[in-house]
Structures are given as structure tokens and as C-alpha cells.
1. In segment 1-45, how many are in a helix (DSSP H, G or I) and either of a type in the set (A, V, I, L, M) or touching a strand residue (DSSP E or B) at 6+ places or on another chain (Cβ under 8 Å) (or both)?
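Derivation of every value follows stated rules applied to the coordinates shown; laboratory data play no part. This is a predicted model, so every value here is computed, not measured. Ideal geometry is used to build each Cβ from the backbone, glycine not excepted, and the neighbour counts take in all protein chains shown.
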Amino acid sequence: MKKTVGSSDKVVRGVFAIVALVIAGFAGFSSAWGIVLVIVAAVLVVTAATGYCPFYSATGLNTLGEHEHRHDASAH
């Protein structure tokens, strides 16, 4: 899998994941909204941790900076 998520995008995803979990807590983790928000938070955390976003790959988006592109290419 080619990385498509840059470092600032990872931070934003992490912040949104935390916000989603807090809102899920207020809504009730077992409520419909709570479950949806926990799933959204999990997806955000996984895509941030792996650096790969299937949506970005499908649409051709990429948030890696030039420096990150060079680093990723030299790792292989």
C-alpha cells in the first residue's frame, strides 16, 4: 500500500478521532450515534497510524508533503 496520508493530516485525524470519542461518550457509546462515532474514530486512528487512506487512493488524493514523498520512496 502506497502511503497517502501526510503528517499534518495524521494530526488532524487524531484530533477528530478524540473529538468523535468524546461526543460518542456524551451520546452514549451504545446509542446509534455513539456506535457510528466510535467506528469513525477507529477508522481515523487506523488511517493515521498506517499512513494509508483507501478513499485517498481511490480518488487520487495525497496529503504527503514533498519531503515525505522522498522519504517514503527511499524506504522501499
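1. Looking only at that region, the number is 24.
To keep it simple, each residue is scored yes or no on (1) within 13 Å of the chain's Cα centre (by Cα); (2) surrounded by 13 or more Cβ atoms within 10 Å (Cβ to Cβ); (3) touching a residue at least 40 places away in the same chain (Cβ under 8 Å).
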residue	(1), (2), (3)
3	yes, yes, yes
12	yes, yes, no
16	yes, yes, no
21	no, yes, no
30	no, no, no
37	no, yes, no
42	yes, yes, no
45	yes, yes, no
